[in-house]
1. What does the charge count near Phe41 come to, summing +1 for each Lys or Arg and -1 for each Asp or Glu among other residues with Cβ under 15 Å from its Cβ?
2. Using a 1.4 Å probe and ignoring any ligands, DNA or RNA, find the accessible area of Ser296 and quote it in Å² to the nearest 10.
3. What shape does region 238-365 take by its C-alpha gyration tensor, where a ≥ b ≥ c are the square roots of the eigenvalues and a/c under 1.5 counts as rounded, a/b above b/c as prolate, and the rest as oblate?
4. With θ taken as phi - 60° and the coefficients 6.51, -1.76 and 1.60, list the Karplus ³J(HN,Hα) couplings across region 292-297 in order, rounded to whole Hz; mark glycine and proline as x.
5. Please identify the GluC sites (Glu not before Pro) of region 290-365 that satisfy two criteria: DSSP loop assignment and at most 14 other Cβ atoms within 10 Å. Which are they?
6. Projected onto the charge dipole of the chain (+1 at Lys/Arg Cβ, -1 at Asp/Glu Cβ, origin at the Cα centre), which of Pro122, Leu27, Gly261 gives the Cα projection farthest towards the positive end?
7. Taking θ as phi - 60°, what are the ³J(HN,Hα) couplings along region 337-343 by the Karplus curve (6.51, -1.76, 1.60), each to the nearest whole Hz, with x for Gly and Pro?
8. Just to be sure I understand the rule: take each whole DSSP H helix in the chain, project its Cα atoms onto its long axis, keep it if the span is 20 Å or more and its mean Kyte-Doolittle hydropathy is at least -1.0. Which ones pass?
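The values are calculated or read from the model by the stated rules, or taken from the named source; none is laboratory data. Because the structure is a prediction, the values reported are computed rather than measured. Note: ideal-geometry Cβ built from the backbone for every residue, glycine included; neighbour counts use all protein chains shown. With ligands, DNA and RNA removed, areas are computed over all heavy atoms of the protein, side chains included. Shrake-Rupley method; radii C 1.70, N 1.55, O 1.52, S 1.80 Å.
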Amino acid sequence: MNTEPPAAAVRRIVLLAGPSGSGKGRLGALAGIPLVQLDDFYRDGDEPGLPQRFGIVDWDHPASWKGDDALQALIALCHEDSVRIPTYSIPRSARTGTQTIRAAGFPIVLAEGVFAAELVEPLQRLGLLADGIVLDRPTALVTGLRVARDVRERRKPLPTIMRRAVGLARSQKTDVTTWASKGLRPLGFRDALARVRALMTAADAQTEHAGRTEQVAEPPVITVSAVCFTHFTPPGPGVPNGQWRLFSVRKKGTDRFMQPGGKPEPGETAVQAAVREVKEELNISLAPHQLVELGSHRTMAANEAGHALEGTVFLAPQVHNPTDMAIRAELEEARWIDIENPSDDVPIAPLMREFILPALRERLR
């Protein structure tokens with residue numbers, strides 16, 4: 001499949017995933033920007049070989065969906081003012097015609113669907129991804145919304161709707177975690193809508209500055225060094241296998257927890273910046289040779305809207321007494337995060353969710 005863009009892109013894509021019934025369509029309607037519903041690329045229900053679940057086709061399995069067609073349509077929409085895509089009927093499980101998505105005058109387009117995470121890597125590789133979001137809402141709320149919608153629209157027989165509701169409720173937390181691991185930012189409904197509107201505002205400003213006939217610029221990149229401090233609690237009551245935890249901090253005036261660290265000063269290497277920032281923020285003196293580089297990762301910045309972040313991540317020596325960790329400088333709060341099962345109640349930065357936690361799980365097993 002040819003995925004090379006034919007010309008300079010004039011717009012980029014915001015991907016929106018989430019469990020069935022979580023409100024993706026409603027958010028798309030409220031965002032006020034062109035919307036591509038990825039459900040329109042489902043396969044017809046009578047195609048042979050489709051995956052099965054709950055006694056019907058498993059419409060939550062990527063094999064039930066034409067991902068290549070969806071990708072090509074989004075690539076075209078990044079370079080052209082309109083594109084024709086299928087129209088799909090969920091109750092009939094079949095394509096019923098075509099429709100035209102028009103995006104003239106808009107620097108970003110929203111694409112929503114349960115398979116949005118499958119498009120993160122190819123769009124990112126082509127420089128066409130503005131951001132990726134997964135709606136993370138309470139399971140009971142999502143289940144209620146899903147059942148009400150499916151019954152109202154008569155999508156499937158009631159027994160099938162209820163079997164599917166129970167199955168999806170059980171897998172919702174795992175599904176959201178999986179989508180986040182593929183590069184989507186977990187947000188509640190209001191935060192997700194605010195994020196999309198902020199991206200639109202930032203993209204509009206860039207487009208107005210550059211001129212409508214010029215390519216929309218890539219978001220400015222913030223370069224940082226991040227340092228991971230870990231602690232292991234031996235097996236005991238409540239933790240039969242022991243527990244690895246990761247130290248995280250929150251800066252004043254922000255709401256996301258992240259690792260100690262910051263931007264390199266002129267002439268500094270990534271590891272030199274890490275050593276300096278740890279001293280300034282935690283009053284801990286480390287030598288460069290004590291830090292093990294885990295790698296670098298690019299994602300959207302947690303606290304600077306419209307900015308990308310390039311983070312080089314280091315692992316520090318294990319902390320033996322977690323109460324010794326004290327914050328200062330611009331830091332306001334510190335928390336220890338369960339590496340295997342981080343709490344949904346603690347908002348964490350994309351770099352930690354997408355790269356650091358998966359890397360530490362692999363390394364510390």
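1. -4
2. 60 Å²
3. Numbers: a/c = 1.35, a/b = 1.19, b/c = 1.13.
Here region 238-365 falls in the rounded category.
4. 9, 6, 8, x, 10, 8
5. Here the GluC sites (Glu not before Pro) that fit, given the DSSP loop and packing criteria, are Glu304, Glu330, Glu340.
6. The residue sitting farthest along the positive end of the dipole is Leu27.
7. My calculation for region 337-343 gives 9, 5, 5, 6, 9, x, 5 Hz in order.
8. On the way: long enough: 158-181 (33 Å, -0.16); 189-210 (32 Å, -0.14).
Helix filter hits for the chain: 158-181, 189-210.
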